[in-house]
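Below: the structure, in structure tokens.
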Amino acid sequence: MSAECSSYLNADKVLVSGFSCPRAGGDVRAVYCCGFQDVKYCCDDTHSFFPYEHSYMWWLSVGALVGLSIAAVVLFAFIITVCVLCYLFISTKPRSKLDTGLSLQMAGKASC
């Protein structure tokens, strides 16, 4: 079994010609073509992650953490606001029952 990695432009915009996996002198188990558009390599697992760190990946991680932190603060503020409003609603209700103007009578008794 073998795979073909097509040619690509690397990060320095240099054309890298295509190659077959496994490469001569490389690991014979590396039969899959892995990587991204700017770098490709032979690997033994189709789900393996790219081992080379890009600076944009770090900034994406920081951006995701900042976004999640802001979302958590907004959710926390919303929950606190709802709790305070519920408490104010319950605590400001009148304690005495209002007279509705209807007199209640027991069933079965007739009044004349």
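Roughly to the nearest percent, how much of the accessible area of the stretch 3-43 is carbon and sulfur, given a 1.4 Å probe?
Roughly 54 percent, rounded to a whole number.
Sum up the charges of everything whose Cβ sits under 13 Å from the Cβ of Glu4, counting Lys and Arg as +1 and Asp and Glu as -1, but leave Glu4 out.
+2
Once you charge only the Cβ atoms, +1 for Lys and Arg and -1 for Asp and Glu, what is the size of the charge dipole of the stretch 3-43 about its Cα centre, to the nearest 20 debye?
Using Cβ point charges on Lys, Arg, Asp and Glu, the stretch 3-43 gives about 60 debye.
Please list Tyr32, Tyr8, Tyr41 from largest to smallest accessible area, probe radius 1.4 Å, with all protein chains kept in place.
Ranked list, largest accessible area first: Tyr32, Tyr41, Tyr8.
Keeping every protein chain in place, order Arg29, Arg23 by accessible area at 1.4 Å, biggest value first, i.e. largest first.
Arg29, Arg23
The values are calculated or read from the model by the stated rules, or taken from the named source; none is laboratory data. Computed from a predicted structure; not experimentally measured. Quick reminder, even Gly has a Cβ in these numbers, built from the backbone with ideal geometry, and neighbours come from all protein chains shown. Just so you know, the surface numbers come from the protein's heavy atoms only, side chains and all, with ligands and any DNA or RNA stripped out. Shrake-Rupley method; radii C 1.70, N 1.55, O 1.52, S 1.80 Å.
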